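The values are calculated or read from the model by the stated rules, or taken from the named source; none is laboratory data. Just so it is clear, the structure is predicted and the values come from calculations on it, not from any experiment. Here the Cβ is made from the backbone with ideal geometry for all residues, glycine too, and neighbour counts use every protein chain on show.
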Amino acid sequence: MPIDVDIAIVGAGAAGLAAGIFAAEKHPNCQIVLLDGAKTIGSKILVSGGGRCNVTHERVTPADFYAPRRLVKRVLQRFDAQATVRWFESLGVPLKQEATGKLFPLSNKARTVLQALIGRCEALGISLLTKHRVQDIVPAQTGFQIVHATGHLTAQRVILATGGQSLPKSGSDGHAWTITQRLGHTLTATYPALVPLLLDETFFHHNLSGASHEVTLTTRVVGKTIDRRTGSLLWTHKGVSGPVVLDSSRFWIMAHEQGQPVTLSLNVFPGQTFDDVDRWLSQATNQAGRKTVVAHLAERLPARVAKALCHHVSRTPEEQRTASSTEEPMAMLDALLLSQLRRPQRRALTHTLTDLCLPVINTHGWNHAEVTAGGIPLEEINCYSMASRNIPGLYLIGEMLDCDGRIGGFNFQWAWSTGYIAGRHAADSLTTHPL
Ligand SMILES: Cc1cc2nc3c(=O)[nH]c(=O)nc-3n(C[C@H](O)[C@H](O)[C@H](O)COP(=O)(O)OP(=O)(O)OC[C@H]3O[C@@H](n4cnc5c(N)ncnc54)[C@H](O)[C@@H]3O)c2cc1C
């Protein structure tokens, strides 16, 4: 079979572009082609980080990812966050660190990142072919035949970097997994992750759209706590978003899709227990004057949220159960003075403030998910080279693998690191391990 190119990289997103650059730098004479099904390259990079591209994080550890830690460690050891910073600097894209530890281009523009990557590919003589959606990859004795939208191509090595299913309009729709399955790889069930959540429309979130505050979110599956995290929650017209919600979403959707009873509950006073908050309210009740309950809560919460929570307490089953024993009807709680707050109402309110169950009905789905949970298991890859353990000469990298990171630049770090390892190894193997 006559070989057209040395290395074909399928998918010119973050991982594919990185792999191309590192392969070409390792072996400047090798012929590399990047094939992408999309009309233009890098649309996901452009929308990332709110258009600013959160390239990596100050500190990246295996604990920031959902995948076997020893395998993630192998990958990160080879190309870590500091290496990413140096690499972007060398591409003419200095990064700046924000208070959260996230790193962005100094320009604050994702386009700077994309232009630098494409510019480097061009300078290294890599062919970038858009509108070349790959339909099949067939191993042959000395390489691979790649069947794409306008014909076919042969290559000695293939690096698959086709992403997951998040934001399918960007070109990453998961089709390439059918190719890898034909090649003998398995696929762990996939779920949209880092995705906003939809709440039952009878809940009180509508009027809170735009309000954001710190919370602790707890995910319980069959009554058992499987995740607890603290961060900023953003109320939206349709439900909840913000970093803490996005990070929690994978746990909720996985349990939900597997038919397990799952709840997500909210503590609006992170770090404080039921007793702490009850004591705080109780002390305030004793020295309150004419201050309302809502005004008191609004000292620590956005006023709209304080009011909605008080109003909600009036409508909970707890209220139905205890209303007959209270002097004040619960329905009045959002207008009540602190001095009028009786014990049953105070405890119902405390319960709502520290363990409010959110009526999640679904996620916003793949069109709004930042990443894919699930994919090709890392156990099927040699994480020192990113080579397939099934097919010699095939490499798999980036989001198509079963490894998703939390919010904060970790998913791009995974793309850069796996791209680095596969690119260099594929280029090296052309001379050291001919097929
Ligand atoms: C809105 C949004 C914001 C995000 N923000 C951040 C952020 O700030 N920081 C961060 O770390 N992560 C962020 N992410 C996640 C991050 O963008 C991805 O994890 C990362 O881009 C994955 O890189 P990849 O190269 O593996 O896949 P992709 O970027 O998805 O690239 C895959 C490429 O393969 C092509 N392709 C797919 N199938 C085929 C085929 N059959 N033939 C040919 N080409 C094909 C696609 O067209 C695409 O160009 C964000 C994601 C989204 C959706």
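One table, with the values for the structure above:
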{"item": "Complete set of residues in region 4-33 that are more than 9 Å from the ligand (Cβ to nearest atom), outside any helix (DSSP H, G or I) and in contact with a helix residue (DSSP H, G or I) (Cβ under 7 Å, 6 or more places away or on another chain)", "result": "Asp6, Ile7, Ile9, His27, Cys30, Ile32"}
{"item": "Qualifying residue in region 173-181 (condition: on the phi > 0 side of the Ramachandran plot and in contact with a helix residue (DSSP H, G or I) (Cβ under 6 Å, 6 or more places away or on another chain))", "result": "no"}
{"item": "Lone qualifier among Leu167, Leu233, Leu217 - being within 9 Å of the ligand (Cβ to nearest atom), under 22 Å from Thr372 (Cα atoms) and within 18 Å of the chain's Cα centre (by Cα)", "result": "Leu167"}
{"item": "Test result for His205, touching a Gly at 6+ places or on another chain (Cβ under 7 Å) and within 14 Å of Ala12 (Cα to Cα)", "result": "no"}
{"item": "Flag if Cys121 is farther than 26 Å from Thr190 by Cβ and out of contact with any Cys (no Cβ under 8 Å at 6 or more places or on another chain)", "result": "yes"}
{"item": "Unique match (being at pLDDT 95 or above and surrounded by 19 or more Cβ atoms within 10 Å (Cβ to Cβ)) among Thr230, Thr216, Thr273, Thr225", "result": "Thr216"}
{"item": "Residue that is of a type in the set (Ser, Thr, Tyr), assigned by TED's automatic domain parsing to the domain that holds Phe88 and under 17 Å from Ala83 (Cβ atoms), where the choices are Ser388, Ser417", "result": "Ser417"}
{"item": "Selection count, region 365-390, where residues are more than 17 Å from the chain's Cα centre (by Cα), modelled with pLDDT of 95 or more, of a type outside the set (Lys, Arg) and surrounded by fewer than 20 Cβ atoms within 10 Å (Cβ to Cβ)", "result": "6"}
{"item": "Unique residue being of a type in the set (Asp, Glu), modelled with pLDDT of 95 or more and within 11 Å of the ligand (Cβ to nearest atom) when the list is Asp173, Asp136", "result": "Asp136"}
{"item": "Exclusive hit being within 23 Å of Ile376 (Cβ to Cβ), away from the ligand (no atom under 14 Å from the Cβ) and modelled with pLDDT of 95 or more, set Thr162, Thr188, Thr154", "result": "Thr188"}
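For every residue, the table says whether it meets (1) within 17 Å of Thr363 (Cβ to Cβ); (2) out of contact with any helix residue (DSSP H, G or I) (no Cβ under 7 Å at 6 or more places or on another chain); (3) assigned to a helix (DSSP H, G or I).
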site	(1), (2), (3)
Gly184	no, yes, no
Val195	yes, no, no
Gly210	no, yes, no
Leu217	yes, no, no
Arg220	no, yes, no
Arg250	yes, yes, yes
